[in-house]
Amino acid sequence: MAVSLRAEVLALQDELVATRRHFHKYPELSFKEFKTAEYIAEKLRSYGLQVTEGVGKTGVVGILRGARPGPCILLRADMDALPIPETGDLPYASVNEGVMHACGHDAHMAMLLVTANILSTWAPKLAGNIKFVFQPAEEGGGGARHMIEDSKYPVLEADIDVDAVYGMHVWNYQEAPAVGAMAGPVMAASGRFQITVHGTGGHGAAPQGTVDAVLVGAHLVTALHTIVSRNIEPLDSAVLTVGAINGGYESNVIADTCVLKGTTRTYSESAQQLLLSRIKEVCDGVGVTFGARIDFTYFPGYPAVINHSLETEHVLTAARKIVPVELAGPTARTMASEDFAFFLRKRPGCFFFVGSAPAGSVSTRSEGGSSTTQVPHHCSHFTVNEDALAIGASVWVQLVEDLLCQPPAEAK
């Protein structure tokens with residue numbers, strides 16, 4: 001059951017932890033990662049890498065060129081924090097009021113920076129090239145797409161064309177030293193919607209002649225939540241949540257307007273299209289029933305994260321050299337979303353997870369592999385087990401060695 005951390009990572013373990021704590025203390029929001037990007041660029045230059053800044057607005061790219069020809073692989077870490085006031089008592093808690101790293105991006109940056117430091121001396125033995133990508137605005141801003149579509153530096157083609165992409169996420173629903181990866185869909189496509197009910201207001205004591213927008217909204221909430229249970233194939237997966245309903249003015253006033261806001265999550269394109277068509281049909285039907293006009297607007301989010309088989313096997317092969325074989329395998333799928341999906345739509349690759357739950361925080365585990373945690377992502381007291389940092393960095397280093405350090409006779 002022993003963990004075999006890379007010696008190069010062990011030698012820099014103090015730096016790894018200190019770097020993560022630095023990022024945690026100084027978080028920045030999406031597309032405002034100015035000081036974070038400056039810090040990263042300075043570090044990458046000190047390692048002797050070719051550095052490009054301002055990619056996708058605030059992103060940073062470092063390139064390590066190998067001495068021998070071979071593929072170019074992209075390793076990605078996201079940089080942005082969340083607009084959440086930190087309530088934990090960490091000695092390195094956020095000093096930026098109302099902003100904190102509540103999803104582990106501080107850990108992602110630290111692991112990739114230390115990996116870049118280690119690999120910067122490997123150029124003579126590399127058969128290929130590496131792009132270290134520090135991406136802005138994963139938390140809703142679509143930073144991956146901005147980097148891919150950057151007019152001056154499209155990250156997948158600029159300088160060297162990328163052959164495969166890899167991303168990593170710490171995961172507080174598993175404890176260290178678990179590493180999870182699986183081919184196929186692992187994170188859901190996301191979208192949000194707004195439904196506006198237009199009724200006819202009036203006095204609460206004289207409902208005749210009115211169209212109560214709040215009542216219509218209440219029926220919509222109930223009807224919408226039948227779509228997944230009665231229209232989606234049971235072996236498929238989908239989520240529809242109405243997260244906000246706002247309407248009305250006073251206790252004795254029948255409202256003329258009510259607004260519902262919600263989100264959808266799906267793995268397949270067919271399920272997503274079915275959700276959208278049924279939401280529209282439900283709105284039309286409820287509108288006719290009550291004599292209300294109902295407007296439905298959908299805002300697409302991120303596509304599903306769909307891993308490729310070969311690249312997933314590369315990750316698991318590397319992980320099994322670091323952690324016990326039984327702790328490196330398929331991960332439970334999640335209905336959360338991730339903009340690494342944009343990279344995976346353009347190039348083959350794998351997005352994988354490293355268990356990071358603080359000791360004792362994972363409380364239950366179902367037969368299907370899902371679990372609950374007392375320290376979930378996006379909570380105000382979020383933190384990680386820092387033992388996960390060395391595991392993640394070791395997997396990065398091992399993956400590069402496996403892919404780019406074959407002897408010349410074996411290189412493909």
Exercise for the section: Among the numbered conditions (1) among the charged types (D, E, K, R); (2) buried (at least 20 other Cβ atoms within 10 Å of the Cβ); (3) assigned to a strand (DSSP E or B), tell me where Arg192 comes up short. Expected result: (2)
Handout entry: Checking Thr121 against (1) within 30 Å of Arg68 (Cβ to Cβ); (2) of a type in the set (Val, Ile, Thr); (3) out of contact with any Asp or Glu (no Cβ under 7 Å at 6 or more places or on another chain); (4) open to solvent by less than 10 Å² (accessible area, probe 1.4 Å), the condition it does not meet
Key = (4)
Practice task
Go through the residues of region 137-147 one by one and say whether even a single one is at pLDDT 95 or above, of a type in the set (A, V, I, L, M, F, W, C) and either open to solvent by 10 Å² or more (accessible area, probe 1.4 Å) or over 29 Å from His378 (Cα atoms) (or both).
Solution key: no
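Restricting to region 107-134, count the residues that are assigned to a helix (DSSP H, G or I) and of a type in the set (A, V, I, L, M, F, W, C).
Within region 107-134, the subset assigned to a helix (DSSP H, G or I) is 107-119, 123-125.
Now narrow it down to the ones that are of a type in the set (A, V, I, L, M, F, W, C): 107, 109-114, 116, 118-119, 123.
Number of matching residues: 11.
Could you please give the count of residues in region 139-166 that are part of a loop (DSSP other than H, G, I, E, B) and more than 17 Å from Ile73 (Cα to Cα)?
Step one: list which residues in region 139-166 are part of a loop (DSSP other than H, G, I, E, B), which gives 139-142, 149-163.
With more than 17 Å from Ile73 (Cα to Cα) added as a condition, the list becomes 139-142, 149-152.
Number satisfying all stated conditions: 8.
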Fill in the blank from the handout: Note on region 254-277: residues crowded, with 21+ Cβ neighbours inside 10 Å, over 22 Å from the mean Cα position of the chain (by Cα) and aliphatic (A, V, I, L, M) are Ile254, Ala255, Leu260, Leu275
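Here is a yes/no grid of residues against (1) closer than 21 Å to Leu240 by Cβ; (2) part of a strand (DSSP E or B); (3) of a type in the set (A, V, I, L, M, F, W, C):
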{"position": "Thr289", "(1), (2), (3)": "yes, no, no"}
{"position": "Ile294", "(1), (2), (3)": "yes, yes, yes"}
{"position": "Tyr302", "(1), (2), (3)": "yes, no, no"}
{"position": "Val323", "(1), (2), (3)": "no, no, yes"}
{"position": "Glu326", "(1), (2), (3)": "no, no, no"}
{"position": "Ala336", "(1), (2), (3)": "yes, no, yes"}
{"position": "Phe342", "(1), (2), (3)": "no, no, yes"}
{"position": "Val354", "(1), (2), (3)": "no, yes, yes"}
{"position": "Gly360", "(1), (2), (3)": "no, no, no"}
Problem - Lone unmet requirement of (1) at pLDDT below 95; (2) open to solvent by less than 40 Å² (accessible area, probe 1.4 Å) for Val162 - result: (1)
Problem - Test result for His169, touching an Asp or Glu at 6+ places or on another chain (Cβ under 8 Å), assigned to a strand (DSSP E or B) and either without any contact (Cβ under 8 Å) to a residue 12 or more places away in the chain or surrounded by 24 or more Cβ atoms within 10 Å (Cβ to Cβ) (or both) - result: yes
Completion exercise
The condition from (1) more than 30 Å from His146 (Cα to Cα); (2) in a strand (DSSP E or B) that Glu250 misses is numbered (2)
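Any residue in region 277-288 that is over 16 Å from Arg192 (Cα atoms) and of a type in the set (S, T, N, Q)? If you could, list the steps in order and put the result at the bottom.
Applying the first criterion (over 16 Å from Arg192 (Cα atoms)) to region 277-288 yields 281-282, 284-288.
From what is left, the residues that are of a type in the set (S, T, N, Q) are none.
No, region 277-288 contains no residue that is over 16 Å from Arg192 (Cα atoms) and of a type in the set (S, T, N, Q).
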Exercise for the section: Taking the residues in region 214-247 that are assigned to a loop (DSSP other than H, G, I, E, B) and open to solvent by 40 Å² or more (accessible area, probe 1.4 Å) as candidates, determine which candidate is farthest from Ile294 (Cα to Cα). Expected result: Leu235
Exercise for the section: Tell me which of these Gln273 doesn't satisfy, since it passes every other one: (1) free of Cβ contacts under 8 Å to residues at least 40 places away in the same chain; (2) not in a helix (DSSP H, G or I). Expected result: (2)
Fill in the blank from the handout: Of those in region 172-189 that are of a type outside the set (Gly, Ala, Ser) and open to solvent by less than 10 Å² (accessible area, probe 1.4 Å), the residue nearest to Val3 (Cα to Cα) is Val179
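Does Gln50 satisfy the condition of being in contact (Cβ under 8 Å) with a residue 12 or more places away in the chain and within 30 Å of Glu326 (Cα to Cα)? Before the answer, list the steps.
Working: in contact (Cβ under 8 Å) with a residue 12 or more places away in the chain: yes; within 30 Å of Glu326 (Cα to Cα): no.
Answer is no for this residue.
The values are calculated or read from the model by the stated rules, or taken from the named source; none is laboratory data. Everything numeric in this text was worked out from a predicted model, so none of it was measured. So basically every Cβ, Gly included, is an ideal-geometry build from the backbone, and we count neighbours across all protein chains shown. Areas reflect the complete protein model, heavy atoms only, side chains present, ligands, DNA and RNA absent. Shrake-Rupley method; radii C 1.70, N 1.55, O 1.52, S 1.80 Å.
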